[in-house]
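So the structure is just underneath, and the comments pick up after that.
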Amino acid sequence: MDRIRFEQGARLRSADLAELFRCADGGLAEHVRSAHRTDGVLLGLRTTVVVGPLRTTVTVAPGIAATHRGELLVLQRDHALTLGTEPATVVLRAVGDGPRARPWLLHRPPDPATEVVLGRFVPGSTALDPTAPRSAARRPGSTHVLTGRLSRATAVVTGTVTNWSATVTLPQRLAAPPTVMAALGGPTPRKAITTTVEVTDPTSTGFVLRARHTLPTDSDVTDQAVTAAPVDIVWTAITHTPPVPAGPGRPPADDSLPAPAVPVEGGLTMSASEPTAHLPAVTRPAFFEQQVLTAEDLMRLVATEQSLRELHHRTLHGWGISSGMEVTGAVGQSLVTVAAGYALDAAGRELLLTEAVELDVPAVAGGADGEEFCLTVRWTEDAEAAVRLRQGGCGSQGAVRLANDPTLQWLPGAVVRSGFDVVLATAVVRDCRLVSPPGTALRRRVPVPPHVATGTTPPGATEWHTVKNKAGEVTAVRTDIITADAGFGAEPMYLVRLDGQRMTRTPGGSGRPCLLDGSPYVSEADGKQLTVVVPLVTGFTESDEGSGPVPVNPTALLNDDLPTVIGTTLDWCVSWVGLEN
């Protein structure tokens, strides 16, 4: 598709204007299709079947969808269809060139390239068939992932040598309590046979890790108190943030107005932190040759394309700070500096700060402990924006540019409109000066899908090496894994699993059954490689057949032949997952 270029004096045709925005639409559709790889219902479009004395209707609520080709479809108001006496599929389809759309009833298979399935109606039913495929789009940007490590070098714990716990504080507040996965990130205590890790009490700000170590029956270690973690533990916290729901009105422009109502989507009440935002107008003007263009005609074109971008941001990326906009300020100073950056608000509007800005702190005395404010960035409405004028014909003049700078302002926390006043920092002010450096706890980042890669070393061909103590005794085995092909930009969080057989026999013709096993951990890692160590602690366990105790990691096998036994006989290999925020 050609790009359009306009030159002074060239005759403008209606086809030129149509092609100009066909280019933009095509680029956005390809982005949705190839970069997000999603199609189906993005937001709303709930269906309700009403059985009346004379007819049965299905009502489709407003919402947004994407076709298989990546084109966005928008239904702006409730639309009712009369159902017949035959089975039918309810789909959403564009009106004309879109993105304005309406529902239709089909008695043929739907076309996934241009139609989004909302449900299937069977005569006599009081709802659409729940077993029929309703196209639900994936929203990768709505999943928030954080990773971290509880370090034995710095973690403060409570409990005993065999059973202890630690509280982990998340680096940023999440929208909801996360699902947390935790695993051993370092060697177990020397005398432990196994270590288990449990996660309890997850909240939006943190969780508790509990570790339990199993020791040999002849261990002389008592349950003495500990204050420092004896192991490293790696964790991953995942939360799913619902998309901003469609609502009937625009966000309040006046901070004194009440906050938007908490909407209901799919039968579940949304979090109050996810505000209601309006569905924008998406009527696209058409042109004809010799038409006299008005400013309104051109502004409708611009508004349509801007609306599509906002819908894309809102449904597939969410809201928050994407990059930059860090706030710095020293204690005792009367101003802060906001770095250049980019953010999205809950309506999908782009907040672009092109250069750093210095801002005075609120001119308040505050109490003895000071007064807390939130530094926010928001969309600048047209009526507030700086206007650039140009002279027109016959002595006229008019606006040709509106400054696109967002508005920075200090607000008390009680009047911040979540999602529309994006919080950059909090600050406590006393006597017109900062009491402490700007805080970042309320900053919300645009959810970005993490970079995840996986791999498995080849069974039967993984190269293992022994690890020995100062006395020359084999205490563990290790293997080095190259991860350069994963394309990590920095050190990811690695999770590893040991695969392969565990049961073998001690050397000799009448060797007895035994178990070779250990809890693997990552000892060294970067974005290109990692080293996995499997400690081999000697002990006993019960056999799977119930035939009595079985030795674990007997000393007869812990010798220089061990790499051959586990690498080629037991086919030990390592499966790994690397996750980079």
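The values are calculated or read from the model by the stated rules, or taken from the named source; none is laboratory data. Computed from a prediction, not measured in an experiment: that's the story for all the values here. A quick note on method: Cβ atoms are made from the backbone with ideal geometry, for glycine too, and the neighbour counts reach across all protein chains shown. Keep in mind that these areas ignore ligands, DNA and RNA; they rest on the heavy atoms of the full protein, side chains included. Shrake-Rupley method; radii C 1.70, N 1.55, O 1.52, S 1.80 Å.
Data table
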quantity: Largest-first principal axis extents of the Cα set of the chain (Å); calculated: 104, 74, 56
quantity: Whole-number D in µm² s⁻¹ for region 297-363, Kirkwood Cα-pair radius fed into Stokes-Einstein, 20 °C, 1.002 mPa s; calculated: 155
quantity: Residue-normalised accessible area of the chain, given per residue in Å² at a 1.4 Å probe; calculated: 52
quantity: 222 nm mean residue ellipticity, helices alone, for the chain (DSSP H n ≥ 4; -39,500 (n - 2.57); rounded to 500); calculated: -2500 deg cm²/dmol
quantity: Nearby lysines by direct alpha-carbon distance to K191 (threshold 16 angstrom, same-chain neighbours under 8 apart not counted); calculated: K468
quantity: Cross-link reach list, aspartates and glutamates versus K470, counting only Cα pairs under 18 Å and skipping chain neighbours closer than eight places; calculated: D560
quantity: Largest to smallest principal axis extent of the C-alpha atoms in region 23-175, angstrom; calculated: 74, 45, 25
quantity: Separation in nanometres of the label points that stand 7 Å from Cα toward Cβ, at T407 and L54; calculated: 5.0
quantity: Computed magnitude of the charge dipole of the chain (debye, nearest 20; Cβ of K, R +1, Cβ of D, E -1); calculated: 940
quantity: Interchain or long-range residues, amide H under 5 Å from F420's placed H; calculated: A346
quantity: Cβ-derived FRET efficiency at R0 45 Å, R502 paired with V208, nearest 0.05; calculated: 0.90
quantity: Binned Cα-Cα distances of region 1-101, short to long, each 5 Å bin given as a whole percent; calculated: 3, 11, 16, 16, 14, 12, 9, 7, 5, 3, 2, 1, 0, 0
quantity: For T506, residues with placed amide H under 5 Å, excluding near neighbours; calculated: R512, C514
quantity: Neighbour-limited loop hits for GluC sites (Glu not before Pro), region 430-530 (at most 14 other Cβ within 10 Å; DSSP other than H, G, I, E, B); calculated: E463, E473
quantity: Förster radius 30 Å - calculated FRET efficiency between A356 and T167, Cβ distance, rounded to 0.05; calculated: 0.25
quantity: 10 Å Cβ shell holding at most 10 others, DSSP loop, chymotrypsin sites (Phe, Trp or Tyr not before Pro): longest site-free stretch of the chain; calculated: 289-581
quantity: Estimated vicinal HN-Hα couplings, Hz - region 569-581 in sequence order (Karplus 6.51, -1.76, 1.60; Gly, Pro = x); calculated: 8, 8, 6, 5, 8, 10, 9, 9, 10, x, 10, 10, 5
quantity: FRET efficiency, H68 to Q306 (Cβ-Cβ, R0 25 Å, nearest 0.05); calculated: 0.55
quantity: Pair A127, R37: separation of 7 Å Cα→Cβ label points (nm); calculated: 3.2
quantity: Accessible carbon and sulfur surface of region 162-217 relative to its total accessible area, %, 1.4 Å; calculated: 52
quantity: DSSP-assigned coil residues among GluC sites (Glu not before Pro) in region 285-351, each with at most 15 further Cβ atoms within 10 Å; calculated: E289
quantity: 5 angstrom amide H check on A228, placed H, neighbours 5+ away; calculated: V157
quantity: Inter-label distance, nm, simple model (7 Å from Cα along the C-beta direction), K191/V364; calculated: 5.8
